[in-house]
Amino acid sequence: MQTFSLLKYTVLRLLIFSLICSTFSCDVMKRVKKDEHLLVNNTVVVNEKTTSTETIENLQYQKPNGTLLGIPLRIHIFNLARPNIDSILKAKVLDNPRKVAWKTKLLSEKQFYGELQSRKNFNNWLKKTGEAPTIYNEKKAERTALALKKYYFSKGWFNVETSFETEKDSSQKARVTYKVTTGEPYILDSIKPSIKTPIIDSLYASRLKKGSLIKKGQQYDEVNYANERERLTTQLRNSGFYYFGQDYITFDIDTVRTNKKINTNLIIANRAIRNEDSVAIVPFKRYKIKDVNIYTDYKNEYRDSTITDSVNFKNYNLYSYKKLKYRPKAITDAIFITKDDVFKDIDRTRTYRYLSELQAFRYPRIDYIPNEQDSTLIANVYLVPKKKFELTTSFEVSQSNIQTVGFAFNAGLLIRNIFRGAETLEISGIGAIGASKEASNSRDQFFDINEIGGNIRLNIPRFFLPFKTEKIVPKYMSPSTKINLSATSQRNIGLDKQAFTGSINYNWLPSKKVTNNFDLFNVQYVKNLNIGNYFGVYTNSFESLNVIARDIGYIGENEILRDPIAAGASFAPADEFINEVINGTLTTTDDDYTTVSYIKQRKDRLTEDNLIFSSSFNYVKNRRENLLDNNFSILRLRLKLAGNLLSNLSNVLSLDKNQDGKYEVFGVPFSQFIKAEIDYAKHWDLGSKSEFAIRSYFGIAIPYGNSDNIPFAESFFAGGPNDIRAWSAYNLGPGSSLSANEFNEANLKITLSAEQRFNLLGRFNGAVFVDAGNIWNVFDDVEDDAATFDGFSSLQDIAVGSGFGIRYDFSFFVLRGDIGFKTYDPSRELGNRWFKDYNFGNAVYNIGVNYPF
């Protein structure tokens, strides 16, 4: 089997290579001169062991050209370009007056010179997309050997030796081997502080020493010393030492006759004050904040103007050149710099962040004015308000499996500082029209889809609660509140529906990596307006009913369960057929009865109005440092509880239950369930623009009390471009069932995915992936054994999809195309599930924006 796989790979490689050669004339040495050698391989051998890491690769001043399946594709593209395109065009075209005259007469002068420029642009594109052959350079090899020596020296191998050997063959190709012999590493033995300023010396002994990043017994690492210098600087600048900087910290390292032990002296010098003709060396002083002045409406043109309004609030001085438009507390809550407190650099950083999050000001500036006599600082905060009112508009054109074309227009009004507390009110509306795929077959208007809706959102830059929360959630965590109300009405989209939502949400950031989000109340009410069109949307269920009805002679061979004479071509005959089967009026087989019963159960569930009154908590821990960080993890946790408050109130008030034994509010049975989700993703940066990523997901929603199942909006589905990519959305599961439903969903989901990402060519990246997972029903009213989860035995129904994809990186987003193949299909019989539809004809083609995880 292994030999066969290797043979297939070799044949594929040869075919691709032949195609490239026939297209690009396959001369990789085309731009390599006779006295030059093409660098084809670098090998780094450390202590007689070949080593290849991203760090080692980045130390190399010369790297071989990249390859795709062993083929230097970018060299071939580069070789297609003319190195002297300007000279060629000049000699062959521009220096020939007759050719220029003929061309300009044939094309016009503008088109002629445009064609020349196009040829230049294409030539430049070939150069930019391709890659010039890497010509071996001995000087760069020497620099690489030196860089390797410096790197291992910085890691504690002070006796490291490096060298390199170059192998050149008759085909003008060069291979370089770098040899590194590290010797024994040096170990830290003692760390002694030598601190000139007494107050810093005392602070180091009592507090700063405990968190040191350089400790006895460690192997020397230059990075640890740099990080320790940064840590001490940060701590001291947050302890009142306004003038302190990293340059005042040095390390004196002694390795003479120490038997590979390192004795370190930590030296923190006194402050150097440079005057015109001298430098004074004095101990550092701790500075305190004397005053905090806040200019709430500062502009450059106001610099020489007179303050007209001012107020002192909790030791903050607020000034305004015009009338003060903010309540003092709204501003001071965003300021972390406090009068009579010691100077802390972090207070300035937090103030900048909080002011930016208010979205009420632009270009905030904080200046400190020092006073050497009493070691104090005056902090001046300059705020430039944004406009109070702002109009927003957007226009969208869309297409979906329901509508051929749709147009949507959004308009909004943003009002800042609406209640003088830096709050922001957003009022927006949406209007949309579209043409369904059946519009062309109807005598009604072409645009038979419409939607109208409105939304009101109030953003409050603090917790909106009747009690104080400062001790539980300090203001440096950026607490905020969002109150949201929205309503939408859709017509001729499926069942037609009206939706009303309202929520009170609290958000705070305990650290740079952690985000907490709490929905105190989230109310959703969905009313279906066109239940009679259910079988017009869920056509597979309708067709199943027709098949059964024909088999028992309820309708003719060419008839369907629909009344074309009734208004809207009613599906009432289908409902009548279902009722007669369930009531036993019509005799069917057990399988047919089960099918009809399931269709009725699903119809009742999907057409019932929903009232969801819930609370939820979301926790996100994102260890990614920045957009360039490809070595990180993200953990998302979510817990949601729905219906408990309404259930308790119903019990206390002794409300009546409906005929199904359920409490109702406004005539609608409210949903009651608990829902939990865990989502974890981990990424490893493998170097050379290569990355490996995994994702695991588990979700479960359990109905209880007033509910026997989960609302459709809260259930799980599988498949799609960000899920199990070998199945389209809603098309996988539940379990091993081979469902013909248009939208398959359940209340338990497990997903596992792995993806290897790599660079193909320039901005083009590739990926190979494996996705596994499925959905099941559990603890609800579904009785189909194939669709329910009944223990570890159900894990054999986990679907597996694999495939590959190509992505184009636009810098600000990634356009992604993935092809997924059904590798293990649980809807088939056991023993017949592997690789049965593993071909392009049965593949699923996905298009998405950005990465799936």
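The values are calculated or read from the model by the stated rules, or taken from the named source; none is laboratory data. This one's a predicted model, so the numbers in the text were calculated from it and none came from an experiment. Glycine also receives a Cβ, built like all others from the backbone with ideal geometry; neighbour counts cover every protein chain displayed.
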So, in segment 728-742, how many residues would count as being farther than 15 Å from Gly801 by Cβ and either surrounded by fewer than 17 Cβ atoms within 10 Å (Cβ to Cβ) or modelled with pLDDT of 90 or more (or both)? 6
So in segment 694-709, with the set limited to residues that are assigned to a loop (DSSP other than H, G, I, E, B) and at negative phi, which one is surrounded by the fewest Cβ atoms within 10 Å (Cβ to Cβ)? Tyr704
Qualifying positions in segment 296-343 - over 18 Å from Arg416 (Cα atoms), in contact (Cβ under 8 Å) with a residue 40 or more places away in the chain and out of contact with any helix residue (DSSP H, G or I) (no Cβ under 7 Å at 6 or more places or on another chain): Lys299, Thr338, Lys339, Asp340, Asp341, Val342, Phe343
Please work out which residue is farthest from Tyr368 (Cα to Cα), limiting yourself to segment 242-257 and to residues that are touching a strand residue (DSSP E or B) at 6+ places or on another chain (Cβ under 7 Å) and part of a loop (DSSP other than H, G, I, E, B). Thr255
Could you tell me whether any residue of segment 7-27 is over 36 Å from the mean Cα position of the chain (by Cα), modelled with pLDDT of 80 or more and over 19 Å from Leu760 (Cβ atoms)? no
Which condition from (1) closer than 30 Å to Asn47 by Cβ; (2) touching a Pro at 6+ places or on another chain (Cβ under 7 Å) is the one that Lys150 breaks? (2)
Can Ile191 be described as at pLDDT below 95, in contact with a strand residue (DSSP E or B) (Cβ under 9 Å, 6 or more places away or on another chain) and surrounded by 17 or more Cβ atoms within 10 Å (Cβ to Cβ)? yes
Going through (1) within 45 Å of the chain's Cα centre (by Cα); (2) surrounded by fewer than 15 Cβ atoms within 10 Å (Cβ to Cβ) one by one, Ile582 fails only at (1)
Can you tell me which of (1) at pLDDT below 90; (2) under 24 Å from Ala499 (Cα atoms); (3) in contact with a Phe, Trp or Tyr (Cβ under 8 Å, 6 or more places away or on another chain) is the one Asp604 doesn't meet? (3)
In segment 108-153, what residues are surrounded by fewer than 16 Cβ atoms within 10 Å (Cβ to Cβ), closer than 30 Å to Thr182 by Cβ and under 38 Å from the mean Cα position of the chain (by Cα)? Lys150
How many residues of segment 312-327 are surrounded by 15 or more Cβ atoms within 10 Å (Cβ to Cβ) and more than 22 Å from Lys387 (Cβ to Cβ)? The answer is 2
Just checking: which of the helices (runs of 4 or more DSSP H) contained wholly in segment 45-90 hold 3 or more residues that are more than 17 Å from Val176 (Cβ to Cβ)? 73-80, 85-89
Going through segment 295-334 one residue at a time, which ones are over 37 Å from the mean Cα position of the chain (by Cα), of a type in the set (Asp, Glu) and outside any helix (DSSP H, G or I)? Asp304, Asp309
How many of the residues making up segment 283-294 are in a strand (DSSP E or B) and surrounded by 20 or more Cβ atoms within 10 Å (Cβ to Cβ)? 3
Within segment 644-693, considering residues that are of a type in the set (Lys, Arg) and at pLDDT 95 or above, the one surrounded by the fewest Cβ atoms within 10 Å (Cβ to Cβ): Lys682
Residues satisfying the stated conditions in segment 364-383, i.e. without any contact (Cβ under 8 Å) to a residue 24 or more places away in the chain, part of a strand (DSSP E or B) and over 38 Å from the mean Cα position of the chain (by Cα): Ile369
Would you point out the residue of segment 244-282, among those that are buried (at least 17 other Cβ atoms within 10 Å of the Cβ) and of a type outside the set (S, T, N, Q), that is farthest from Arg348 (Cα to Cα)? Ile262
Cross-chain or 6+ apart pairs with Cβ under 9 Å, segment 102-118 first and over 16 Å from Lys92 (Cβ atoms), then among the acidic types (Asp, Glu) and part of a helix (DSSP H, G or I): Leu107/Glu115
Filtered residues of segment 70-107 (kept if surrounded by 13 or more Cβ atoms within 10 Å (Cβ to Cβ) and at positive phi): none
Quick test for you: out of Ser793, Ser811, Ser802, pick the one residue that is of a type in the set (Ser, Thr, Tyr) and either crowded, with 19+ Cβ neighbours inside 10 Å or touching a strand residue (DSSP E or B) at 6+ places or on another chain (Cβ under 7 Å) (or both). Ser802
Can you tell me how many residues in segment 328-344 are more than 21 Å from Ala360 (Cβ to Cβ) and either crowded, with 18+ Cβ neighbours inside 10 Å or touching a Gly at 6+ places or on another chain (Cβ under 8 Å) (or both)? 3
With respect to Ile262, determine if the residue is part of a helix (DSSP H, G or I), at negative phi and in contact with a Phe, Trp or Tyr (Cβ under 8 Å, 6 or more places away or on another chain). no
Which condition number in (1) within 22 Å of Asn744 (Cβ to Cβ); (2) in contact with an Asp or Glu (Cβ under 7 Å, 6 or more places away or on another chain) is the one that Asn630 fails? (1)
Counting only residues that are within 29 Å of the chain's Cα centre (by Cα), buried (at least 17 other Cβ atoms within 10 Å of the Cβ) and assigned to a loop (DSSP other than H, G, I, E, B), segment 833-853 contains a total of 4
Filter segment 797-835 down to the residues that are of a type in the set (D, E, K, R) and touching an Asp or Glu at 6+ places or on another chain (Cβ under 6 Å), then identify the one that is nearest to Asn630 (Cα to Cα). Lys822
